[in-house]
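The numbers here are math on the coordinates, done by the rules we state, and not lab data. Worth saying up front: this structure is predicted, and the values here are computed from it rather than measured. FYI the Cβ positions are ideal-geometry reconstructions off the backbone, even for glycines, and counts take in every protein chain you see.
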Amino acid sequence: RDVHWCLAIIDMKEETFHYLDSLGGKDSGVLRILARYIMDELKDKNNIEIDTSSWRVVSVHIPLQHNGYTFFPLLVGLNSAVT
C-alpha cells in the first residue's frame, strides 16, 4: 500500500498553495479541490469572489518517509514552510 503523509497549506496573503508530500509526490487533484473550496467558501461566507488560477503552487521539499507511519519528515518540512 502507498500510505503516507501529505499536507497542503493555503496562503491567502501570498496567493500560494504549498504542498508537502512525505514520499515526494504531487497531487494536483487535491490542489484543484482546495482551490475550488477556498473560492466557494469566500463566496458563500463573505460574498467575495476570487480567482485562484494565477496562484503559485509551491512544492516544499522535505526528508522522505520510509514507512507508512512516521510523521517526522512532514513536521520538518512544515517547520521550513511556515518559518
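Remarks
- Distance between the 7 Å Cα→Cβ label points at Ile38 and Asn67: 3.5 nm.
- Net charge of the neighbourhood of Val57, taken over other residues with C-beta under 14 Å away and scored Lys/Arg +1, Asp/Glu -1, is -2.
- As a calculated quantity, the FRET efficiency between Asn46 and Asp11 at R0 = 22 Å, using C-beta atoms, amounts to about 0.80.
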